[in-house]
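Reading through the structure tokens given below for one structure.
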Amino acid sequence: MTALYTNAPEYFNDICEAVRLFIDTRRIELLHTPDAPPSGFFVLHTLERQGGMMTSAVRFFSDGASVSEYSFSCAVPAGALEMKREAKRASKISVYRALLRHFKTPLPWGSLTGIRPSKLLRDSESLLGEKKAASLFLDTFDVSLQKYALAKSILESQSGLYPADGELDVYIGIPFCVTRCAYCSFASYTPDVFKDAEARYTEALLAELACAKEIIGSRRVRALYVGGGTPTALSPANLAAVLERAALIADGADEFTVEAGRPDTITEEKLRIIKAAGARRLSVNAQTMFDETLRRIGRRHTSAEFAAAFNLAASFGFDALNVDLIAGLPGETSEHIAASLAQVISLAPENITVHTLAVKRASAFAAANMEAFPTDTQTAQALETAHTMLSASGYRPYYLYRQKYMKGSLENTGYTKPGKACLYNIDNMEELCDVLAFGAGAISKRLFQGGARIERAANVKDLKGYIERHAEMADFKRRLFQ
Ligand code: SF4
């Protein structure tokens, strides 16, 4: 059991995130008294303010015995929002450092638990300047020099690629996949569910999309992204209907991307439809080039089928093709990643995205008796190998994000050949412009005060609910973008 007492329960979730950096547990029990440390792990946290200072103190117990502690103090900033942000940071830092003293394994991103480290670095640089932002990352958050350099090089790659004022992105989601990957935590429906609902979903989506032009008004669409799920899981007729509507919205946009993530959904007919609609970028995902692993993770295609689908897509002359790979898959080490990458690089895609496996609650991995996963150290080694190989082959990291329950507290990194970066990925991960999103589970975002405040409108995730309530979803968006 892992338990926690805090005198600042409003930060319970933040403290739990920092605890989970070291302790692999879904459930952390909140105790209402600190008096008797229970068996198992116990974190005792207090947050006090005195004068102009705030102190977050942590004592860490294992089976009733105190094994480490740490206190972190900082000045109380002016403003309620800033105060809350500092309290969260101080709490995470003190938990991270107390637990590090016990477990003795520094983590690559230190006490940072957020999804967007490069956005944090960008914001910190514009607020504090480059030097102080570097010190914040390295000395306060305990980010490793290697990960700080990665975030820094991502900001350099993004230079000159940010949206202009008033531009926005459009996202269209298709929540269907041919099979469910064992690591999937998205709302994605397999054919047993979606075959009966596909036509009604397409109809609902087209109806929801009817409000797009009215909401966009005179603004310019910078990037349009059709994702999921797997859009190419749709029948040719439904895919054509969605993409023809998408093309009207993307008219004049810099970018029009379609995810064709599952090679086993790619056919010449569907590629012709995608090309005819004007999409210029496509994702075809390998995940690994080892067939045994593909079977193990619930993908129905082989590596040879991936290569054939990729080559077929390449023959259509898209501006950019992306391939995803995953580090940390069961039974795989850095040698596997190196071998998979070598094959993928030989196909010369413009973009390669290297993910780290995240084993989330809803994933089949959580319950399945899978072959041993690589250790966190092996997964970190696999990412390093990937970075070295990609850099040597002319790819540069250009966007980055992290997820909860990611192996080794690592990250996902998108690499690109010069001039081929996906603008939608940059905008989305750095939260640089409004997003108008359509389809089940899609989340529209509107930025206020240059992104200091973000309001969201989430569409219903459930397929039946979305089909019945798509008109309401359009209304939510109208209100958000009013
Ligand atoms: S392709 Fe993506 S959305 Fe579909 S099942 Fe796999 S992880 Fe989930």
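Listed by first and then second residue, the pairs with beta-carbon distance under 9 Å, at least 6 apart or on different chains, first residue in the stretch 179-192 and modelled with pLDDT under 85, second near the ligand (Cβ under 6 Å from one of its atoms) and not in a strand (DSSP E or B), are Phe186/Cys177; Phe186/Gly229; Ala187/Gly229. Filter the stretch 291-316 down to residues that are of a type in the set (Gly, Ala, Ser) and in a loop (DSSP other than H, G, I, E, B) and give me whichever is nearest to the ligand (Cβ to nearest atom). My answer is Gly298. Scanning the stretch 377-392 for residues that are of a type outside the set (A, V, I, L, M, F, W, C), buried (at least 16 other Cβ atoms within 10 Å of the Cβ) and free of Cβ contacts under 8 Å to residues at least 60 places away in the same chain gives Gln378, Thr379, Gln381, Thr385. Summed over the stretch 149-190, the residues that are outside the structural domain of Lys464 (by TED's automatic domain parsing) and over 30 Å from Ala210 (Cα atoms) give a count of 12.
Of the listed requirements (1) in contact with an Asp or Glu (Cβ under 8 Å, 6 or more places away or on another chain); (2) touching a residue at least 60 places away in the same chain (Cβ under 8 Å), Leu155 misses just one: (2).
Go through the residues of the stretch 28-42 one by one and say whether even a single one is among the hydroxyl-bearing types (Ser, Thr, Tyr) and out of contact with any Leu (no Cβ under 8 Å at 6 or more places or on another chain).
Scanning the stretch 28-42 turns up at least one residue that is among the hydroxyl-bearing types (Ser, Thr, Tyr) and out of contact with any Leu (no Cβ under 8 Å at 6 or more places or on another chain).
Residue count for the stretch 124-172, restricted to those that are within 30 Å of Val258 (Cβ to Cβ) and among the small types (Gly, Ala, Ser): 7. Of all residues being touching an Asp or Glu at 6+ places or on another chain (Cβ under 9 Å) and part of a loop (DSSP other than H, G, I, E, B) in the stretch 317-332, which is surrounded by the fewest Cβ atoms within 10 Å (Cβ to Cβ)? Just the residue, please. Within the stretch 317-332, the match that is surrounded by the fewest Cβ atoms within 10 Å (Cβ to Cβ) is Asp319. For the stretch 153-188, residues that are within 16 Å of the ligand (Cβ to nearest atom), among the β-branched types (Val, Ile, Thr) and surrounded by 21 or more Cβ atoms within 10 Å (Cβ to Cβ) total 2. Any idea how many residues of the stretch 217-229 are surrounded by fewer than 24 Cβ atoms within 10 Å (Cβ to Cβ) and closer than 22 Å to Val460 by Cβ? Adding up the residues that qualify gives 1. The residues on offer are Thr202, Thr230, Thr190, and the sole one that is among the hydroxyl-bearing types (Ser, Thr, Tyr) and under 20 Å from Ala313 (Cα atoms) is Thr230.
Can you go through Lys213, Lys195 and tell me which one is within 16 Å of the ligand (Cβ to nearest atom) and free of Cβ contacts under 8 Å to residues at least 60 places away in the same chain?
So the residue among Lys213, Lys195 that is within 16 Å of the ligand (Cβ to nearest atom) and free of Cβ contacts under 8 Å to residues at least 60 places away in the same chain is Lys195.
Tallying residues that are among the hydrophobic types (A, V, I, L, M, F, W, C) and closer than 28 Å to Phe61 by Cβ within the stretch 94-151 yields 10. Taking the stretch 216-238 as the range and being closer than 14 Å to Val435 by Cα and in contact with a Ser or Thr (Cβ under 9 Å, 6 or more places away or on another chain) as the test, the residues that pass are Ala223, Leu224, Tyr225, Val226, Gly227. A single entry from Thr288, Thr267, Thr232, Thr257 fulfils the requirement of being within 16 Å of the ligand (Cβ to nearest atom), at pLDDT 95 or above, farther than 23 Å from Gly441 by Cβ and among the polar types (S, T, N, Q): Thr288. Taken as a whole, the condition of being among the aliphatic types (A, V, I, L, M) and surrounded by fewer than 23 Cβ atoms within 10 Å (Cβ to Cβ) applies to Ala452. Evaluating Ile326 against the criteria (1) touching a residue at least 60 places away in the same chain (Cβ under 8 Å); (2) hydrophobic (A, V, I, L, M, F, W, C); (3) more than 14 Å from the ligand (Cβ to nearest atom) leaves one unmet condition, (3). Only one of the listed residues (Phe448, Phe438) is in contact with a strand residue (DSSP E or B) (Cβ under 6 Å, 6 or more places away or on another chain) and of a type in the set (Phe, Trp, Tyr). That residue is Phe438. State yes or no: is Arg295 surrounded by fewer than 24 Cβ atoms within 10 Å (Cβ to Cβ) and either in contact with a strand residue (DSSP E or B) (Cβ under 7 Å, 6 or more places away or on another chain) or modelled with pLDDT of 95 or more (or both)? Spelling it out, it is not the case that Arg295 is surrounded by fewer than 24 Cβ atoms within 10 Å (Cβ to Cβ) and either in contact with a strand residue (DSSP E or B) (Cβ under 7 Å, 6 or more places away or on another chain) or modelled with pLDDT of 95 or more (or both).
The values are calculated or read from the model by the stated rules, or taken from the named source; none is laboratory data. The structure presented is a predicted model; accordingly, all values stated were derived computationally and were not measured. Glycine gets a Cβ as well: all are built from the backbone with ideal geometry, and neighbour counts include every protein chain shown.
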